[in-house]
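As structure tokens, the structure follows; a few thoughts come after it.
The values are calculated or read from the model by the stated rules, or taken from the named source; none is laboratory data. Predicted model, so just to flag it, every value in this text is computed and none were measured. Neighbour counts are summed over all protein chains in view; Cβ atoms, including those assigned to glycine, are modelled from backbone coordinates with ideal geometry.
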Amino acid sequence: MSSLVKCPHCGLRPREEFTIRGEVATPRPSAGADEAVWFDHVYLRDNPRGEHREYWHHSGGCRRWLVLSRNTLTHETSEVVDASTLKLGGGA
Amino acid sequence: MRYSALSLLGNAFSENKNWKPAWRNPDPKPHYDVIIIGGGGHGLATAYYLSKVFGMRNVAVLEKGYLGSGNIGRNTTIIRSNYLLEGNNPFYEFSMKLWEGLEQDFNFNAMVSQRGVVNLFHSDAQRDAYTRRGNAMRLHGVDAELLGRDQLREKLPFLDYENARFPIMGGLMQARGGTVRHDAVAWGFARGADQNGVDIIQNCEVTGIDREGDQITGVQTTRGAITCNKLAMAVAGSSSHVAKMVDMRLPIESHALQAFVSEGLKPFIDTVVTFGAGHFYVSQSDKGGLVFGGDIEGYNSYAQRGNLACVEYVAEAGMAMIPALSRVRILRSWGGIMDMSMDGSPIMDRTHLSNLYFNGGWCYGGFKATPASGYCFAHLLATDTPHETATAFRMDRFARGYLLDEKGVGAQANLH
């Protein structure tokens, strides 16, 4: 990853404009879901060495939530899309 | 060979031609009682205490690179035991006591220097929090002293006490805290373990873990297959990666943390100082360079380097604390990979597999824990019960709701 991130709305912007929220996790479980499902959702992480999809917030720009596909070994970003284009499916 | 004044003299008079390597470089045997994955500080310390205190000699440490290439060679060398919580403080104090006797114990000069650690505070709320922390430390028998602004001014005159946003009101000092030469810690433990018969195998990456049912039978490595009775993971930074080999998901994210060294300066900081407002910490090495660091990068990374945004942030925080730093040149920066656990505390426990043991999740505080981590992990490996100071580091504490939340930053590793 360079110090620039390509926002789909604003173009190349400095990394300091973004707030990072981490792994695009499994969909939020329903309130009544099993304890194990909630534990998994809240605490466990895939944390892969390689391709990683994560939420970035363009807090110092258009304020849209983005999803980056980034390689955690090389810091290279292959794709940046607006989070609203993502289909996450319903809660478990 | 034991190092002593006599051995120094003898070697000096024989023109330093007869020094022996500090540890052997053996080929892996087909079987070991215990295999420790990870030849970093914690892995080597585990092997050392396992062989010395618990008498297990048929032990191997597998290191994918060379000794000192991981986090043990990538930190800011600070040791302290200024912890607040019941589950943490006795452990880190145990570690501090081991540091205090370490060099005599393993007969190696690790340059343990108890120069003191001062945590600055900048508001009434922070002063109250540090007062409470200091009291908790004293209740555990750990030294702590709350210094007022005037006392600090005498001791550390170069700080910016009138900082507009974060005026320095005082600091919490632990006089027994300080620094240790980090590489020498790895070398000393490696030499000690080696002398007890432990095989330290470098350039040997574990590529797979063999199992039958819930039993580990051995590991596949870049230097062939090795079988074992017990397998121990001490690979902080790569914990999730290695755990994946046995289909284990962890409450851990990997983040890069950078550290920096400036050009050599005349001595002017004789303690470790941390800037409570900006997460900046600095000490001066015996060679004269300032050693300092700041926050983690904030996004998952396995690359042992950081980005410029963080370099700028750390430099700004340093300037806010010590304006005189503006003319100082940074010589080097480097990054290590931190196991950021979800409550900011380590995990040391048995796992869902009967003979696999896990040690990781040290966040950015693993260096100071090195001796106690090794001792307690060796205790767990040898006796199958946790050491009395490490009972709070259980794997299932997240599921059971017993988080060890020292800093109150919650479950988000990226909010640390």
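Any residue at all in region B:402-414 that is under 30 Å from B:G213 (Cβ atoms) and away from every other protein chain (no Cβ under 14 Å)? Write out each step before concluding.
Keep residues of region B:402-414 that are under 30 Å from B:G213 (Cβ atoms), which gives B:402.
In the following step, the residues that additionally are away from every other protein chain (no Cβ under 14 Å) were identified as none.
No, the conditions are met nowhere in region B:402-414.
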Any idea which of A:V42, A:V67, A:V37 is more than 8 Å from every other protein chain (Cβ to nearest Cβ), part of a helix (DSSP H, G or I) and surrounded by 14 or more Cβ atoms within 10 Å (Cβ to Cβ)?
A:V37
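Report whether or not B:S81 is among the small types (G, A, S) and in contact with a helix residue (DSSP H, G or I) (Cβ under 7 Å, 6 or more places away or on another chain).
So B:S81 passes the test.
Can you tell me which residue among B:A309, B:A315 is within 22 Å of B:G276 (Cα to Cα), in contact with a Pro (Cβ under 8 Å, 6 or more places away or on another chain) and within 14 Å of chain A (Cβ to nearest Cβ)?
On the way: B:A315 fails: in contact with a Pro (Cβ under 8 Å, 6 or more places away or on another chain).
Criteria check complete, one pass: B:A309.
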The listed residue being over 27 Å from B:L84 (Cα atoms) and either in contact with an Asp or Glu (Cβ under 7 Å, 6 or more places away or on another chain) or aromatic (F, W, Y) (or both), out of B:V328, B:V311
B:V328
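Which of the following residues is modelled with pLDDT of 95 or more and within 25 Å of the chain's Cα centre (by Cα): B:Q215, B:Q220, B:Q195?
Details: B:Q215 fails: within 25 Å of the chain's Cα centre (by Cα); B:Q220 fails: within 25 Å of the chain's Cα centre (by Cα).
Residue meeting the stated conditions: B:Q195.
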Pairs where the first residue, in region B:1-20, is loosely packed, with under 10 Cβ neighbours inside 10 Å and the second is polar (S, T, N, Q), C-beta under 9 Å, 6+ apart
B:R2/B:N107; B:K17/B:N11
Answer residue from region B:251-275, given it is among the small types (G, A, S) and buried (at least 24 other Cβ atoms within 10 Å of the Cβ) and is nearest to B:M395 (Cα to Cα) among those:
B:S254
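With respect to A:S84, is the statement that it is within 14 Å of chain B (Cβ to nearest Cβ) and of a type outside the set (V, I, T) true?
The answer is no for A:S84.
When you scan region B:240-263, do you find a residue that is more than 14 Å from every other protein chain (Cβ to nearest Cβ) and closer than 30 Å to B:Q220 by Cβ, even just one? I'd like the intermediate steps shown before the answer.
Taking region B:240-263 and keeping what is more than 14 Å from every other protein chain (Cβ to nearest Cβ), we get B:246, B:257, B:259-263.
Filter once more, keeping what is closer than 30 Å to B:Q220 by Cβ: B:246.
For region B:240-263, residues more than 14 Å from every other protein chain (Cβ to nearest Cβ) and closer than 30 Å to B:Q220 by Cβ: present.
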Single unsatisfied condition, B:D339 versus (1) closer than 30 Å to B:R133 by Cα; (2) part of a helix (DSSP H, G or I)
(2)
Return the residues of region B:348-365 that are crowded, with 24+ Cβ neighbours inside 10 Å and either in contact with a Leu (Cβ under 7 Å, 6 or more places away or on another chain) or more than 17 Å from B:F398 (Cβ to Cβ) (or both); say none if nothing qualifies.
B:M348
Hey, B:Y302 of a type in the set (S, T, Y), free of Cβ contacts under 8 Å to residues at least 40 places away in the same chain and within 14 Å of chain A (Cβ to nearest Cβ) or not:
no
Name the one entry in B:G70, B:G43, B:G65 that is at pLDDT below 95 and on the phi < 0 side of the Ramachandran plot.
B:G70
Give region A:4-23 a look and list any residue that's facing chain B (nearest Cβ under 10 Å), farther than 18 Å from A:L73 by Cβ and not charged (D, E, K, R), or say none.
A:P14, A:F18, A:T19
The lone condition A:H58 fails out of (1) touching a strand residue (DSSP E or B) at 6+ places or on another chain (Cβ under 7 Å); (2) within 12 Å of chain B (Cβ to nearest Cβ) is (2)
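Looking at B:G366, B:G361, which is the one that is small (G, A, S), over 23 Å from B:K230 (Cα atoms), touching a residue at least 12 places away in the same chain (Cβ under 8 Å) and in contact with a strand residue (DSSP E or B) (Cβ under 9 Å, 6 or more places away or on another chain)?
Numbers: B:G361 fails: over 23 Å from B:K230 (Cα atoms).
Unique residue meeting the criteria: B:G366.
Checking the condition in contact (Cβ under 8 Å) with a residue 12 or more places away in the chain and outside any loop (DSSP other than H, G, I, E, B), which residue from B:R191, B:R176, B:R115, B:R138 passes?
Selected residue: B:R191, the only one of B:R191, B:R176, B:R115, B:R138 that is in contact (Cβ under 8 Å) with a residue 12 or more places away in the chain and outside any loop (DSSP other than H, G, I, E, B).
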Hits in region A:4-28 - residues which are over 23 Å from B:A243 (Cβ atoms), in contact with a His (Cβ under 8 Å, 6 or more places away or on another chain), of a type outside the set (K, R) and in a loop (DSSP other than H, G, I, E, B)
A:H9, A:C10, A:F18
So if I check each of B:G148, B:G170, which one is without any contact (Cβ under 8 Å) to a residue 40 or more places away in the chain, of a type in the set (G, A, S) and touching a strand residue (DSSP E or B) at 6+ places or on another chain (Cβ under 7 Å)?
B:G148
How about region B:21-57: which of its residues are in contact with a Leu (Cβ under 8 Å, 6 or more places away or on another chain) and either free of Cβ contacts under 8 Å to residues at least 40 places away in the same chain or polar (S, T, N, Q) (or both)?
B:T46
